[in-house]
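Written out below as structure tokens is the structure these notes cover.
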Amino acid sequence: MQILLVEDDISLAEGLQKGLRREGFTVNHVSNGADAIHAVDTNTPDIMTLDLGLPDLDGMDVLRRVRKKYPDLPVLLLTARDTLDDKVAGLDTGADDYLVKPFAMQELLARLRVLERRVSTTASSEIQIGDVCLDTATHRVVINGTNVELSRREYMLLKALMENAGRIQTRANLESRLYSWGEEVASNTIEVHIHNLRKKLVQDFIKTVRGVGYTVKK
Ligand code: CA
């Protein structure tokens, strides 16, 4: 899951990035409205968390402009404005949810999981495909009742594939889900992770679509 974090408070943004990455999200951060609009256009995230008080544009303007072009992009507003009017205006403008600062990381994560479930093909935090069960809330992967230890990237990769079961994921697509902008990614990185992941999963769970990418059957 790739999150675009729009936040001009740099220390808050750094803390959120750390916390979200620890939870297996890929996070890209921008600190103003113009960059946010550009980022959504060039590398559309799965979820956008949007601060309302930005240095250039008002967050509500960013929301309006993004919403026009991307009606289905989940947007979570993060803001210090805690009056009822602001909340109602934010939701009326098309935000999916609203979190008032200061908030607990646990609450942000819970709200993101709700949005995450909306964009994925599953309805609960558990995705079960064949003998493999992945829980996005606890980050546990269980095969036939046995816990499987995965590295963070392996988990993120498996999650991206299982959330999109039945759809082919290109290498570029998977890379953008595993790595943030500016992170060094070797050209065979995804292949290496897939190779390691396959050794830990049931045989043929991840299918290679030659010349295109990978898929997990529904
Ligand atoms: Ca702000």
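With the convex hull drawn over the C-alpha atoms of region 126-216, the volume per residue is 95 Å³. Within a straight-line Cα-Cα reach of under 23 Å, residue 18 can be paired with the following lysines, leaving aside sequence neighbours fewer than 8 residues apart in one chain: 101, 159.
Between 94, 59, 182, the Gaussian network model of the chain with springs among Cα atoms under 10 angstrom shows the greatest mean-square fluctuation at 182. Choose one answer from 79, 170, 49: the residue with the largest mean-square fluctuation in a GNM of the chain with alpha-carbon springs under 10 Å. Looking only at 79, 170, 49, the biggest GNM fluctuation is shown by 170.
Which whole-number percent is the relative contact order of the chain (Cα, under 8 Å, 6+ apart)? Relative contact order, the chain: 16 percent. Charged neighbours of residue 136, selected by a Cβ distance under 12 Å, balance to -1 (K, R count +1; D, E count -1). Taking 4 °C and 1.567 mPa s as conditions, the chain diffuses translationally at an estimated 71 µm²/s according to Stokes-Einstein applied to its Kirkwood radius (Cα pairs).
Sorted fewest first by neighbouring Cβ atoms within 10 angstrom, 85, 46 come out as 85, 46. Springs between Cα atoms under 10 Å define the GNM used for the chain, and in it the highest mean-square fluctuation of 54, 158, 77 occurs at 54. Shape analysis of region 178-218 yields a ratio of the Cα radius of gyration to the Kirkwood radius, Rg/Rh, of 1.01. Stick to Cα atoms and the Kirkwood definition of Rh, then tell me Rg/Rh for region 2-119. So for region 2-119, dividing Rg by the Kirkwood Rh gives 0.91.
All of the numbers you see were taken from the coordinates with simple rules; none came from a lab. Not measured: the values here are computed from a predicted model. Glycine gets a Cβ as well: all are built from the backbone with ideal geometry, and neighbour counts include every protein chain shown.
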